[in-house]
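See structure below.
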Amino acid sequence: MIVNECAYQRQELLGGSPCLKLRRKTYVRKTSSVSCMPGCPDTSASSRVSFKYKAVSSQVLEKMSSSVASNENLLDFPCSSSYETAMEALSSLISGQKRGTKRTVGGKYEKLDRVLMYLKILGLEEEHISALNIIHVAGTKGKGSTCAFCEAILRECGLRTGLFTSPHLIDVRERFRIDGLVTRNDAPLERREIPYFGCSNPQENISEDLPMPPLFQFLTVLAFKIFISEKVDVAIIEVGLGGTRDSTNVIKAPVVCGVTSLGMDHMEVLGNTLRHIASHKAGIFKPQTPAFTVSQLPEAMDVLHMRACELMVPLEVTLPLDNKKLDGLKLSLAGDHQLVNAGLAVSLCKCWLQSTGNWDKLFLNDKQEADLPDAFLRGLATARLPGRAQIVHDIPLPLNNVFRATKSSGDLIFYLDGAHSPESMEACARWFSDIVKENKNPSSSLLFSSSSFKVQKRRQAWENGFNQHEKVNIFGSEGIAKQILLFNCMEIRDPQVLLPRLVSTCASSGTHFSKALFVPSMSTYGRVTSGASVVTLDIPNKDLSWQFNLQRIWEKIILGKDLTLEKASRTDNPELLPPHEFLYEDTSSSPYTDRCFTCSAVIPSLPLTVKWLRDCVKENPSLRV
């Protein structure tokens, strides 16, 4: 299992997403396009989105991020020199040397005032932002997943969607999605995005009083520019950090707001109590605009209710989605915690459709009120958010929808997640443990395990065989199984809290890690990269002291005693990789070397680590890692 917060770049090394064809019921709208420039029409809730639908049967070619991927499904994203120049320009907007350092921006204006001025430089006024019919989502955990569910549901309703999320995993363009896609016509949106990134040379308008915006402010302004230019019917906007002073909070008239689960995170900015954090999140509430949240701890819920009362906001607490309402389908995003996010997304989308006058047009005679419309079910079953509870099979492409391991080598499967708080680490551990138990159970290895023919046909039609929860027998009945942890986290996190939570949660379900590998991230805080960045096996001369600290903490958790390392902590030691035997041996017989403790090892390069794991399973056909 790979848990890494810093950049999710594991996915870049392991694989991308295949093209898949879906035959489904879609909607073609006839509309007078949503105006984006001066002279836009009335933007009241009842008239913001007004169009007629015509049900048609068509074959839709889409690129979708799969939750179950193969390493051979790499997408080629060529980038021109002008695009790389844009990446360099974006990198110049990064303030601070590392995460958690205090950043200051010059000028005499407050943050949100600056963002509004940047928008005006691009010819965008408040009415243009309001015309995007925004769903605004804040929270500590689950806001990205909630936004992904919302986007997929409304797209399945026939709407043209825009989705802005952060951070990106591989390429900065991932933050901006139109109709669920980063790419169009089998090619990147590169030529369309270069003018957006250039933004008509905004440096002509900057001054000492109004300097160039930091990176996230720039990308937020860019998102509004793209969505208005692309004439989306709805924009789903994820808050970056907090809420009250977040760059996205220039949104004055969203259609509906959502607050996901709240917890202790980003305390260096938001405060050291849950009340302080909740106060920041509630900052996105707007007067008399409906809002939804999920079950919260009392001190957080009190703050949300108090703020809602001040602004006369109708605040509703949603329940986790009942599995029975899925009619036999599975959520495309894995983990029981996703039922909470899905329940919130359903409420947000229903409210949005009702507020814009489209619910009755679409679903008046569709189903009973208690049932979820088919479009909602399709969205919940196909929403994608790579890098969160994602499975990557490092084996050849599937044959007849069944993954088959070659007999000449063992099996290597990566389970990816970016958990970086105690709560998310526990959710990640439960997800991984559940899958390990399923793979050990021969009865769970049937593809489409439901006995319902109706459910089976719906999955095939709506998901084209691509679902996180398909149970696939890739292990067979014999072989050596090893669970390996590949881990990194930022230095502002507390690994003495995160790692014990991971170990104890997995152990409570009978899942134990044979070894742990601690590896630095490939990304650097001060540079924005594209998907075309070259991945090499060169060993960077990195300081590995943080990775050795993680290793010591791990060894103490597993063995109950402190171990020390006398060797230097930089990559100047010629012995870079542990022997392959290190992976096979039990803890009691594992050798102690300068880079390998009994239960773990530090490896200085992620590409080198992946290659080493591949070599290990290639050498031993009976091994499954």
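The values are calculated or read from the model by the stated rules, or taken from the named source; none is laboratory data. Quick caveat, the model's predicted, so the values are computed rather than measured. FYI the Cβ positions are ideal-geometry reconstructions off the backbone, even for glycines, and counts take in every protein chain you see. Quick note on the areas: whole protein, heavy atoms, side chains included, nothing else; ligands and nucleic acids left out. Shrake-Rupley method; radii C 1.70, N 1.55, O 1.52, S 1.80 Å.
Calculate what fraction, in whole %, of the accessible area of the range 230-326 sits on carbon and sulfur atoms when a 1.4 Å probe is rolled over the protein chains.
57
Computed over the range 260-360, relative contact order equals 23 percent, with contacts defined as Cα pairs under 8 Å that lie 6+ residues apart.
Extension gain, Leu215-Asp327: 0.36 nm per intervening residue step, less the Cα-Cα distance, totals 36.0 nm. For Ala481, the residues 5 or more places off, or on other chains, whose built amide H falls under 5 Å of its own are Arg624. Overall form of the range 216-258: oblate. Here a/c, set by the Cα gyration tensor axes a ≥ b ≥ c, is 1.5 or more, and a/b is not larger than b/c. Sorting 159-165, 317-323 by their mean Cβ neighbour count within 10 Å, with the most densely packed peptide first, gives 159-165, 317-323. Legend: calculated FRET efficiency, Lys561 to Asp113, from the Cβ-Cβ distance at R0 = 60 Å, rounded to 0.05, equals 0.60. For the listed peptides 615-625, 303-313, 423-433, a ranking on the average number of other beta carbons within 10 Å per residue, highest first, reads 423-433, 615-625, 303-313.
Heavy atoms of the protein chains alone define the surface here; on that basis the range 277-393 has 40 Å² accessible area per residue at 1.4 Å probe size. Taking a ≥ b ≥ c as the square roots of the eigenvalues of the Cα gyration tensor, the range 257-306 is classed as prolate, since a/c reaches at least 1.5 and a/b is larger than b/c.
The alpha carbon gyration tensor of the range 286-375 gives principal lengths a ≥ b ≥ c with a/c of 1.5 or higher and a/b no greater than b/c, which makes the shape oblate. Taking label positions 7 Å along the Cα-Cβ direction at both Glu88 and Glu491, the computed distance is 2.9 nm, reported to one decimal. For the pair Asp615 and Gln288 in one chain, pulling the backbone fully straight at 0.36 nm per residue adds 111.7 nm over the alpha carbon distance.
Dipole orientation for the range 288-334: of the candidates Met306, Leu321, Leu333, Leu333 has the Cα lying most toward the positive pole (charges on Cβ; Lys, Arg +1; Asp, Glu -1).
Applying 1/(1 + (r/R0)^6) with R0 = 30 Å to the Cβ-Cβ distance of Glu316 and Arg275 gives a FRET efficiency near 0.90.
For the set Lys225/Lys252; Lys556/Lys611; Lys482/Lys618; Lys120/Lys252; Lys482/Lys515; Lys325/Lys350, the pairs lying more than 18 angstrom apart at their alpha carbons are Lys556/Lys611.
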